[in-house]
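For reference, the structure is listed below as structure tokens.
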């Protein structure tokens, strides 16, 4: 018989150990025993509120595009609607191709979800990617990477890469590299900017992806793809890679979120995804192999100067290959859109922008001043701006965990192997946790907040969790922040940003992305 777990009091030491892993210091929150029901007292799973699932058809019609109640809603709006209709715990089942899930809109319950994840947290997600890698055993050799693997296999993989990616010092060898990519991007921006209106072209979203691709290639492989070359064609490798990653996320949404029969047979959409992943694997593998040859011929004696790939090659060649591939796959749309959204928020909030420019110019007094590791340790207001941007426009709607045993959450029995989603994107916009939630107010994140804005420390620490929490926290967090910080500093060092357009649209699908052109107006300073 499966064991049952009910959370009682969480120890301070336990909270601190998790906080160190997740780089989230304010998690010393405790719950009391009398807040919880025992397994015997809890309500049964089938009584959890949610859209009613009918025999045979389940909830199919509610999620069909164009005709369903939820089918035309952006994913974020779906989450808000379910919360509004059914409350703080919602069960969703009966969507073909999609595992039954429980959605949590109470930060107390989100915290408990993470506390129950165990040493080897389970997150059964992006199953189509797992299927692709399992079928391509000659390439992946049984290693599914951090997204697809579970249990001991996941733990061994994560243990090998953690020391090279999660320590604060991990970014130090890459600061100068990312600074150079940002300098080259500023040069390209000056070429792209209209000479009369000072506006960037409608295609600038794609340029942000080129910048993200070049940056992550330098971090992962100490290698450039040439994304900033003039006259880059649609069939160039950088553009093929970017287009394939866009298509990959769109197909993940259609296969993993919308109703689909891909688990029953190989649907046309699944075959299209596999072809897309073939393109990504082919291009990435070529450059990974080139980088490996370079490292073999010209190894860096100083281990602190090695790329992630070169560092991991000394541990395990297949782990190094999979991690570099995953970094290239996951580091384009996510970082490109997160940084673009931050620049947008700064452009429509001139007060914040000028305050941030003052911080920037104190550290980088002229346009040739480089971003250094010391600079990055002295930018509290920029870090606050990034947090506020990710609160308003997160890249993911929340975090998923697959329960490894029967548990009680929100007064209900949650069976083993159920997927539970902490809906942080909805919680972070709630006035219950953040005052004036619709406004861009970085001051709420500052330690010395001398304004009347309610400090973020007064919010429940599990209301806002853009990079996840615990052992399965985002492996690329430090590198993503390095890229975002560096480019933003460079933009403020060179330009005053304005927004002479309609509000930027957000496209909420498998991840949240910019849904309209990022046509900033850039005035030289």
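Rounding to the nearest 10 and keeping the result within 0 to 90°, find how far the Cα-based axis of helix 12-22 lies from the longest principal axis of the chain. That helix lies at roughly 40 degrees to the long axis.
Taking only C-alpha pairs under 8 Å that are 6+ residues apart, what is the relative contact order of the chain in percent?
Working: 841 pairs, mean separation 127.8, N = 525.
Averaging sequence separation for qualifying contacts and normalising by length gives 24 percent for the chain.
The angle between the Cα long axis of helix 333-347 and the main principal axis of the chain comes to about 70°, on a 0 to 90 degree scale.
Relative to the dominant Cα principal axis of the chain, helix 477-494 is inclined by about 40°.
Relative contact order, whole percent, for the stretch 306-403 stands at 27, derived from Cα pairs under 8 Å and 6 or more residues apart.
What Kirkwood Rh does the stretch 130-171 have if only Cα atoms enter the pairwise 1/r average? Answer in Å.
Hydrodynamic radius (Kirkwood, Cα pairs) of the stretch 130-171 is 11.3 Å.
With the simple model of a label 7 Å out from the Cα in the direction of the Cβ, residue 294 to residue 432 spans 5.1 nm. The alpha carbon centroids of the stretch 467-504 and the stretch 257-307 are separated by 24 Å. The simple Förster model, with R0 at 41 Å and r as the Cβ-Cβ distance, assigns residue 358 and residue 176 a FRET efficiency of 0.95.
Summary of packing: across the peptides 138-150, 57-69, 409-421, the per-residue average of other C-beta atoms within 10 Å ranks them, highest first, as 409-421, 138-150, 57-69. Average 1/r across all pairs of distinct alpha carbons in the stretch 401-525, invert it, and you get the Kirkwood radius: 18.3 Å. Taking 0.890 mPa s as the viscosity and 25 °C as the temperature, the Stokes-Einstein diffusion coefficient of the stretch 56-140 based on its alpha-carbon Kirkwood radius rounds to 160 µm²/s. Equivalent-ellipsoid semi-axes for the stretch 133-258 (Cα gyration tensor, √(5λ), whole Å, largest first): 32, 21, 13.
Summarised as an ellipsoid, the stretch 446-502 has semi-axes of 26, 21, 12 Å, derived from the eigenvalues of the Cα gyration tensor scaled by 5 and square-rooted, with the largest first.
Principal axis analysis of the Cα atoms in the stretch 265-403 yields extents of 52, 47, 33 Å, listed in decreasing size. The three principal axes of the Cα atoms in the chain give end-to-end lengths of 66, 59, 49 Å, sorted in falling order.
The alpha carbon centroids of the stretch 64-137 and the stretch 375-427 are separated by 12 Å. Across the stretch 210-307, Cα-Cα pairs farther apart than 22 Å form 44% of the total.
The label point for residue 405 and the one for residue 271, both projected 7 Å from the Cα toward the Cβ, are 4.6 nm apart. In this simple spin-label approximation, residue 302 and residue 73 carry label points 7 Å from Cα along the Cα→Cβ vector, and these lie 5.4 nm apart.
What the Cβ-Cβ distance of residue 46 and residue 257 gives, at R0 = 25 Å and to the nearest 0.05, is a FRET efficiency of 0.60. Within the stretch 126-142, which residues have the backbone N less than 13 Å from the label spot 7 Å out from residue 316 along Cα→beta-carbon, could you tell me? Of the residues in the stretch 126-142, 141-142 have backbone N under 13 Å from the label point off residue 316.
Between residue 348 and residue 163, the FRET efficiency from the beta-carbon distance, with R0 = 41 Å, is close to 0.55.
Throughout, read-outs are computed from the coordinates displayed, never taken from laboratory work. From a predicted model like this one, the values you see are computed outputs, not experimental measurements. All Cβ positions, glycine included, derive from the backbone under ideal geometry; neighbour counts span all protein chains shown.
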